[in-house]
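Okay, so here's the structure we're looking at.
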Amino acid sequence: MPIHTDQTSTVAVTDEELLAKRAWAECSLADARRGDRLTVLGIDDDMARVQALRFGVSEGVCVSCVTRIPAGPIVMAYGRQEIAFGRGLARRIRVRREEVSS
């Protein structure tokens, strides 16, 4: 079992711990899975930003993934509404997965 040194500290971490850390790293909304809680970090281009703002979604907003429709949109819950984001728009929205407390 290989051991790595974390760049931010001198604590050694295993491969499994390193993969777990990466799982919560930045990704696109298109990578969301059912049940994920996500925080919007940024929107890559102006047109995507305008489309997301029409839905009320901007940087800093927390959303939850309701479902992924195969070969279709990703349905997100925000406030009291559910919004279907097309895959193209979802790929241009950067998010961070949040840990869900049990």
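The values are calculated or read from the model by the stated rules, or taken from the named source; none is laboratory data. From a predicted model like this one, the values you see are computed outputs, not experimental measurements. Just the protein is used for accessible areas: all its heavy atoms, side chains included, with ligands, DNA and RNA removed. Shrake-Rupley method; radii C 1.70, N 1.55, O 1.52, S 1.80 Å.
Counting only heavy atoms of the protein chains, get the accessible area per residue of segment 32-102 (1.4 Å probe) and round it to a whole Å² value.
61 Å²
Decide, for segment 33-73, between rounded, prolate and oblate: order the square roots of the alpha carbon gyration tensor eigenvalues as a ≥ b ≥ c, take rounded if a/c falls under 1.5, and otherwise choose prolate if a/b is larger than b/c, else oblate.
oblate
Name the residues whose placed amide hydrogens come within less than 5 Å of the amide hydrogen of THR67, ignoring near sequence neighbours (fewer than 5 apart) on the same chain.
VAL75
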